[in-house]
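Notes follow once the structure below has been shown.
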Amino acid sequence: MAEPGFWDRPEEAQRTVAEMKRDRRTVDDWSSRESSLVNLGEMLDLADAEGDEGILKDLSRELDALETQVADLQQKSLLSGEYDRLGALVAIHPGAGGTESQDWAQMLFRMYLRWAERHGYAANVLDLQPGEEAGIKDATVEITGDYAYGYLKAESGVHRLVRISPYDAAQRRHTSFASVFLYPMVDDTITVDIAPADLRIDTFRASGAGGQHVNKTESAVRITHLPTGLVVQSQAERSQHRNRDNAMRILRSRLFLHYEEKERVRSEAIAGAKKEIDFGSQIRSYVLHPYTLVNDHRTELKVGDVQRVLDGDLDAFIDAYLKRREA
């Protein structure tokens, strides 16, 4: 950064600065925990020499807190993917089954919002299409913060719910499916070239509940990328301009992952590699009847408290997934 002419290439300079900040944060996180451990050791020797029970109890609480911080550092060390550091786009789509599946999609939508809240991430709803009777037809949420994509990529796939349906008068057991897709939220350090001629942009009236403005003007935006056929839309904002910006952000992230996946498939075909692909497969079952259990089919981790999981407590599943991939 001290070299002459460093700032003459703004985009390259920005990527370098971002990389430096990430590396510095990693070193600082390690150093602070190492320093805390040394200090605790010195205090423990002092308390042991003086036989001070009060200090020992305080040190025990501090050690518990430090263990939590070290566990967090260990989990971050598993996020070694090139784009794990980025924010995440979470897209949720109900499967076949009408209202039942749409209600399940809304439960997942709330689960990821609660996960973001638990971890101090900002969540911004870019697109939300309510169902006719209940639930949602589609939802796209941007979760902003370091490593949001690295953690949440564990959620990409098909989620299955088994329960007594609240929409069935006969109180029968129903099985519902919903798909969750994760995309890295492309930032300023990553360039995705999109030619204006490759886009078809349509506007329409937003669906669902709305106020004085939302359903009376064509504020919703749908963008089709003609070369790939990818279609994105945004209707959460009252402003057509803001919906268009949101739709372009979604498109950039989806195109980025699309081309990355094409390159991965091409490279594996050349190398003759055969790797497991979890994306798009059934990854987890949430059973509410006749017993309660959440079962992750990739890691075989099972949790009996389904409501806690649906309230956003996904850390055990994410940790098990990351460790499995590392292994």
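Observations on the structure shown:
- Per-residue SASA entry for Tyr121, accessible area with 1.4 Å probe, Å² rounded to 10: 40
- Where labels lie 7 Å past Cα in the beta-carbon direction, separation of Asp305 and Ala195 in nm: 5.5
- Per-pair calculated FRET efficiency, R0 = 41 Å: Ala170 and Val27 via Cβ, rounded to 0.05: 0.10
- Across the protein chains, with a 1.4 Å probe defining accessible surface, the residues Thr68, Thr203 rank Thr68, Thr203 from largest area downward.
- Estimated translational D of the stretch 89-144 in µm²/s (Stokes, Kirkwood radius over Cα pairs; 25 °C; 0.890 mPa s): 219
- Residue with peak Gaussian network fluctuation, the chain [Cα springs, cutoff 10 Å], from Ala170, Ala71, Ala49: Ala49
- Three principal axis lengths of the stretch 21-172 [C-alpha, angstrom, descending]: 70, 40, 21
- Histogrammed with a bin width of 5 Å, the alpha carbon distances of the stretch 112-178 distribute as 4, 13, 17, 21, 18, 13, 9, 4, 1, 0 percent, first bin at zero.
- Highest GNM mean-square fluctuation among Gln69, Gln282, Gln129, for the chain modelled with Cα contacts below 10 Å: Gln69.
- Within the accessible area of the chain (1.4 Å probe), percent carbon and sulfur: 50
- Across the stretch 14-133, C-alpha contacts under 8 Å between residues 6 or more apart give a mean separation that, scaled by the residue count, equals a relative contact order of 15 percent.
- With at most 15 other Cβ atoms within 10 Å, longest stretch of the chain clear of loop GluC sites (Glu not before Pro) (DSSP): 134-217
- The mean sequence separation of alpha-carbon pairs under 8 Å and at least six residues apart, normalised by the residue count of the chain, gives a relative contact order of 17 percent.
- Candidates Arg200, Arg254, Arg244, ranked by Gaussian network fluctuation over the chain, Cα under 10 Å, top entry: Arg200
- Answer label for log10 I(q)/I(0) by the Debye sum over Cα atoms at q = 0.09, 0.14 Å⁻¹ (calculated), chosen among (i) -0.51, -1.05; (ii) -0.61, -1.24; (iii) -0.51, -1.16: (ii)
- If only the Cβ of Lys and Arg carry +1 and only the Cβ of Asp and Glu carry -1, the dipole of the chain around its Cα centre is close to 1860 debye.
- Each of Leu182, Gly81, Ala49 was placed along the dipole of the chain (beta-carbon charges, centred on the mean Cα), and the one lying farthest toward the positive end is Leu182.
The values are calculated or read from the model by the stated rules, or taken from the named source; none is laboratory data. What you see is a predicted model; the values in this text were computed from it and never measured. Note that we place each Cβ from the backbone using ideal geometry, even for glycine, and neighbour counts take in every protein chain shown. Just the protein is used for accessible areas: all its heavy atoms, side chains included, with ligands, DNA and RNA removed. Shrake-Rupley method; radii C 1.70, N 1.55, O 1.52, S 1.80 Å.
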